[in-house]
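Single-structure report; data block below.
The values are calculated or read from the model by the stated rules, or taken from the named source; none is laboratory data. Given the structure is predicted, the values throughout are model-derived calculations rather than measurements. Note that each Cβ is placed from the backbone with ideal geometry, even for glycine, and that neighbours are counted across all protein chains shown. What goes into the accessible areas is simple: the full protein's heavy atoms, side chains included, and nothing from ligands, DNA or RNA. Shrake-Rupley method; radii C 1.70, N 1.55, O 1.52, S 1.80 Å.
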Amino acid sequence: MAPILDKKTDRPFIISGPCSAESREQILHMARELSSRGVDLFRAGLWKPRTRPHLFEGVGEEGLDWLVEAKEETGIRVAIEVANTRHVELALEKGIDTVWIGARTSANPFSVQEIADALRGVKIPVFIKNPINPDLRLWMGAVERMRHAGIEELGLIHRGFSFFNTDKYRNSPLWQIPIDMRAEMPEVMMICDVSHICGQRNLLQDVAQAAMDLGFDGLMIETHPDPENAKTDSAQQITPSDFDRLLSSLVIRTESVSALSDHKEVNDLRRQIDALDEDLVELLGVRMQLAERIGDIKDQYSIPVLQPARWQAVLKKARLNAQKKGLSADFIEELFKAMHQESIHHQLLVMNSRVETK
Ligand code: PEP
Ligand code: MN
């Protein structure tokens, strides 16, 4: 049988359906709408991992029959989230095509192992969402647990990372983490769950486009017949017609990397970028040497390494300069924080070596 997760298509692999299964009618209606649009996998959550217990926690086992009925009627493949052995057993017993491990579960190696054991030897595809915290190794560990259990068809879902102080997104995308994950596991399909990253409808288009531009293999998009009245995640779900608009506005770049490798201008630009990157590292080295010399002087005068007023002034100046160059405030702040951290580290090294030689 052909694998469900085929990376080699020139169109994105689409997973869509409601956040939660709410009724038989809703599931059948959405499965009809989405199968006629060529959606690859129909999703619906049956057991919902809610932050607080009095909220709607899903219809549970009952929803399995609705999904099976939807699958039999429309032919669409169906996927649910599993968080424990019981969920896996029920999914397999009923003939669910694919399961995914949610972000709260993938953060817990005990749970991932339990699910891997329950899936041992089973031939269905398994998607693994990134853990809620930005820990690449934890995500990789979840994949490894599945592989050790003999799961061959694996997919990854990037759904952003949760922070106490959130920015405009519900879960910050921190693109570097899925990019690093892709570099570690280039053969594994990587889907972007734009709905859980955005948390609100109006951001979906831009994030979906960013995911396509970054070479993701597909998208997960939550859809609902009446998003305003959805029992979960109502602000981020969209109707089938908004889903059509979103997909038809996407620019899909299908040209392969090899086409670019012969492009003279791109090659020239890349050479310039490589040279600049080398210079940047060189300059950072020089900056750290200067910091070390200051560290030495601070040590002689018994001044603490951290000088908050000086640091604020450095940051303020950098923000102003960055603005003139069209660089985002977030970027420059992150960059300077990292540089400052490294400077402090170098200064402490200088001080400690002096203590050791005293
Ligand atoms: C979901 O996809 O319904 C879900 C709960 O997502 P996450 O695990 O990414 O929060
Ligand atoms: Mn949801």
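Contact map, region 11-22: residues that are at positive phi paired with residues that are away from ligand 1 (no atom under 11 Å from the Cβ), Cβ distance under 7 Å, separation 6+ or inter-chain. Pairs shown: GLY17/MET30; GLY17/LEU34; GLY17/PHE42; GLY17/THR223. Just so you know, in region 154-165 the residues that are surrounded by fewer than 19 Cβ atoms within 10 Å (Cβ to Cβ) and in contact with a strand residue (DSSP E or B) (Cβ under 7 Å, 6 or more places away or on another chain) include one that is nearest to ARG11 (Cα to Cα), and it is LEU154. Looking across GLU187, GLU152, one residue alone is farther than 25 Å from THR85 by Cα, modelled with pLDDT under 95 and away from ligand 1 (no atom under 16 Å from the Cβ). It is GLU187. When we screen LYS298, LYS316 for residues that are basic (Lys, Arg), modelled with pLDDT of 90 or more and outside the structural domain of ASP167 (by TED's automatic domain parsing), the only hit is LYS316. Applying the condition of being of a type outside the set (D, E, K, R) and closer than 19 Å to ARG37 by Cα to region 69-90 and asking which residue is most open to solvent (accessible area, probe 1.4 Å) yields GLY75.
Just one of the listed residues (ILE197, ILE191) is surrounded by 18 or more Cβ atoms within 10 Å (Cβ to Cβ), without any contact (Cβ under 8 Å) to a residue 40 or more places away in the chain, of a type in the set (A, V, I, L, M) and within 16 Å of ligand 2 (Cβ to nearest atom), namely ILE197.
Highlighted here are the helices (runs of 4 or more DSSP H) found entirely within region 1-111 that include at least 1 residues which are over 21 Å from the mean Cα position of the chain (by Cα) and closer than 22 Å to ARG159 by Cα: 24-35, 85-94.
For ARG43, the test of being assigned by TED's automatic domain parsing to the domain that holds LEU250, open to solvent by 10 Å² or more (accessible area, probe 1.4 Å) and of a type in the set (Lys, Arg) is failed. Against the conditions (1) in contact with a Pro (Cβ under 7 Å, 6 or more places away or on another chain); (2) open to solvent by 60 Å² or more (accessible area, probe 1.4 Å), LYS168 satisfies every one except (1).
Residues in region 27-38 that are away from ligand 1 (no atom under 15 Å from the Cβ) and at pLDDT 95 or above: LEU28, HIS29, ALA31, ARG32, GLU33, LEU34, SER35, SER36, ARG37. If you scan region 48-66, which residues turn out to be in contact with a helix residue (DSSP H, G or I) (Cβ under 6 Å, 6 or more places away or on another chain) and touching a residue at least 40 places away in the same chain (Cβ under 8 Å)? Hits for region 48-66 are PRO49, TRP66.
SER234 fulfils the conditions (1) more than 16 Å from ARG43 (Cβ to Cβ); (2) open to solvent by less than 50 Å² (accessible area, probe 1.4 Å); (3) more than 16 Å from ligand 2 (Cβ to nearest atom) except for a single criterion, (3). Which one is modelled with the lowest pLDDT among residues in region 232-259 that are of a type in the set (D, E, K, R) and more than 15 Å from GLN200 (Cα to Cα)? Among them, the one singled out is GLU255. The set of residues in region 15-32 being more than 16 Å from ligand 2 (Cβ to nearest atom) and open to solvent by less than 50 Å² (accessible area, probe 1.4 Å) consists of SER23, LEU28, ALA31.
Scan region 267-287 and tell me whether some residue there is open to solvent by less than 50 Å² (accessible area, probe 1.4 Å), out of contact with any Gly (no Cβ under 7 Å at 6 or more places or on another chain) and under 30 Å from ILE197 (Cα atoms). Checked against the condition, which is being open to solvent by less than 50 Å² (accessible area, probe 1.4 Å), out of contact with any Gly (no Cβ under 7 Å at 6 or more places or on another chain) and under 30 Å from ILE197 (Cα atoms), region 267-287 yields no hits at all.
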